[in-house]
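Just below is one structure, and these are the notes that go with it.
Computed from the coordinates by the stated procedures, all read-outs in this text should not be read as laboratory data. All values derive from a computational prediction rather than experimental measurement.
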Amino acid sequence: NAGVTQTPKFQVLKTGQSMTLQCAQDMNHNSMYWYRQDPGMGLRLIYYSASEGTTDKGEVPNGYNVSRLNKREFSLRLESAAPSQTSVYFCASKMDRGANYGYTFGSGTRLTVV
Amino acid sequence: GQQVMQIPQYQHVQEGEDFTTYCNSSTTLSNIQWYKQRPGGHPVFLIQLVKSGEVKKQKRLTFQFGEAKKNSSLHITATQTTDVGTYFCAGLAFSTTDSWGKFQFGAGTQVVVTP
């Protein structure tokens with residue numbers, strides 16, 4: 001049981017380049033999330049998908065787009081990377097958007113924008 | 001908007017000692033969750049508290065939800081080197097439709113254990 005799988009694990013981009021971070025879960029969870037983690041700032045929500053076919057902005061959505069491809073997969077796209085997007089990105093899933101479940105996180109993507 | 005603050009930001013503990021980390025919210029919470037992240041790893045769900053004054057234990061870890069549901073604490077007894085990592089709390093504001101599924105994470109308490 002793999003849980004939440006993220007690819008790639010590491011990435012270096014030049015300013016202005018684009019890339020897509022992939023995330024897939026095999027737990028039949030309905031809700032999926034993208035967070036970024038920066039030193040001293042905890043986890044900040046970028047976008048989330050409460051269920052297949054829906055996406056919504058989180059706390060820090062600017063510069064990102066998402067696609068909920070199907071129930072399993074939720075991708076995050078950086079259209080024109082900026083140094084401020086250097087961070088560790090975590091995908092997470094939860095049984096549903098309600099309050100009674102904990103998040104299952106992927107192992108993260110460490111992104112550096114130069 | 002809702003803010004969740006954790007103190008201390010950094011905790012240096014001698015192996016065998018006890019310590020407590022605190023989580024405070026600017027608003028009343030419906031639920032609070034705790035996570036542990038090992039160095040270089042990802043956050044792992046530990047526990048969820050729902051009821052006012054609730055206390056839950058996991059071996060040497062004791063979690064408590066405040067009576068007013070605006071704060072929580074994690075107490076670790078007889079700290080071991082395996083307790084190294086960052087502990088995050090995540091709070092869900094009390095019942096607004098917009099907040100469903102969007103727990104607000106604190107900045108975490110980074111714990112270093114000296115043998």
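Some points to look at:
- When the square roots of the Cα gyration tensor eigenvalues are ordered a ≥ b ≥ c, the ratio a/c for the range B:38-99 is 1.5 or more and a/b does not exceed b/c, which makes its shape oblate.
- Global form of the range A:39-87, assessed from the alpha-carbon gyration tensor, a/c cut-off 1.5: prolate
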